[in-house]
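Since the structure comes first, as structure tokens, the remarks are kept for the end.
The values are calculated or read from the model by the stated rules, or taken from the named source; none is laboratory data. Note that the structure is a prediction, hence the values are computed from the model and not measured. Note that each Cβ is placed from the backbone with ideal geometry, even for glycine, and that neighbours are counted across all protein chains shown. In case anyone asks, the SASA skips ligands and DNA or RNA and just uses the protein heavy atoms, side chains included. Shrake-Rupley method; radii C 1.70, N 1.55, O 1.52, S 1.80 Å.
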Amino acid sequence: PATSWDAMFYGLAQWFGVSKSSDLEYAVPNSNNFGCNLFTDYDMFWTGIHILEGCGGAKESTNVTFQIPEIRTLTGEEQKQVCKLALKTASNQFSIDLKKTRCYVAEQAIAEAVEDDGSGRRLQTGMYDVSSMAVLNFDYTIPPNVVNVEEVKALAKAASATASDFVVVGATPQSEAPSTVPSQMPSLSSLPSFSPSISTAPSDIPSERPSESPSVTTQPSYSPSLSNMPSDSPSYVPSLTIMPSKASDPPSFSIVPSLTQVPTGRPTFRDDFGSPFLSADVGSVTIP
């Protein structure tokens, strides 16, 4: 048969009032496996009003192959998962609405997988190649120049490789394994590392935040550190300044006289010593 049951039931469901894409996928679950080969209620009934989105524009086909350990074709669910990967990639690649594209897997063929042993002989591997066509349809509203043929082929290949790794049961992985040898050129990233790098050499640029654990060194600093906060303990060496200190308001008084080994250059004069001086005990006097 050239026409699927899903093609006819798709339009019939629309005529009964099922119009949302999610509802149509639930009512006719295999409809996504037939691309644009579906009938709408507009095609089947005089009163139909719906059209099929994702059709009427560019159409690109790409060969994809899956290697599996048994003789079978891709199941309907596997086909839908392959197409979901391809359509999502196409939507991001060409910046178009996901609803404006359709996909299906067609012309599946099974062949025994063989490999060359290097001397011209082809040896059986015990696996089977499922070759097929990944067909991508685009809506008529999308200009043809937006869809690049080479990019469509590349994204279809990427989708089939991802499907081989995670979707198709028992399929041989197609993605390239990471290299065991480091690259000669470092990779560049705009994002910081989740784990900081450890280095024995100091940084040439100071950090914006203080370290949680300060570094200890026996060598003095080449440049003094600047601080806005005064020290909690007095310094052993007085500070020097070219600016005089501001007078306190009110002025400070000291009840303890200052001591000096050098006498003053002139005597101290007082007009009135006051009663505290007259009643003070000056102690004993020794005559030499």
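Selection of the stretch 27-39 for residues being outside any helix (DSSP H, G or I) and either touching a Cys at 6+ places or on another chain (Cβ under 7 Å) or farther than 22 Å from Lys84 by Cα (or both) yields Gly35, Cys36. Within the stretch 6-26, the set of residues being in contact (Cβ under 8 Å) with a residue 24 or more places away in the chain and either in a helix (DSSP H, G or I) or in contact with a strand residue (DSSP E or B) (Cβ under 9 Å, 6 or more places away or on another chain) (or both) comprises Asp6, Ala7, Met8, Tyr10, Gly11, Leu12, Gln14, Trp15, Ser21.
When you look at Glu70, is it open to solvent by 60 Å² or more (accessible area, probe 1.4 Å) and either basic (Lys, Arg) or over 34 Å from the mean Cα position of the chain (by Cα) (or both), yes or no? In short, yes.
Of everything in the stretch 94-127 that is surrounded by fewer than 18 Cβ atoms within 10 Å (Cβ to Cβ) and of a type in the set (Ser, Thr, Tyr), the residue that is farthest from Thr162 (Cα to Cα) is Ser119.
Tell me, yes or no, whether the stretch 4-18 has at least one residue that is closer than 25 Å to Val167 by Cα, of a type in the set (D, E, K, R) and open to solvent by 60 Å² or more (accessible area, probe 1.4 Å). Scanning the stretch 4-18, I find no residue that is closer than 25 Å to Val167 by Cα, of a type in the set (D, E, K, R) and open to solvent by 60 Å² or more (accessible area, probe 1.4 Å), so the answer is no. Here the condition is being closer than 19 Å to Lys157 by Cα and among the charged types (D, E, K, R); of Glu70, Glu107, Glu112, it holds for Glu107 alone.
Residue-wise test of (1) more than 19 Å from Leu12 (Cα to Cα); (2) β-branched (Val, Ile, Thr).
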position: Thr47; (1), (2): no, yes
position: Thr62; (1), (2): yes, yes
position: Thr65; (1), (2): yes, yes
position: Ile68; (1), (2): yes, yes
position: Thr73; (1), (2): yes, yes
position: Gly76; (1), (2): yes, no
position: Gln79; (1), (2): yes, no
position: Cys83; (1), (2): yes, no
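One residue alone among Ser61, Ser91, Ser21 is touching a helix residue (DSSP H, G or I) at 6+ places or on another chain (Cβ under 6 Å), under 24 Å from Pro143 (Cβ atoms) and surrounded by fewer than 18 Cβ atoms within 10 Å (Cβ to Cβ), and that residue is Ser91. When each of Ala134, Ala86, Ala156 is tested for being in a strand (DSSP E or B), of a type in the set (A, V, I, L, M, F, W, C) and surrounded by 15 or more Cβ atoms within 10 Å (Cβ to Cβ), the lone residue that passes is Ala134.
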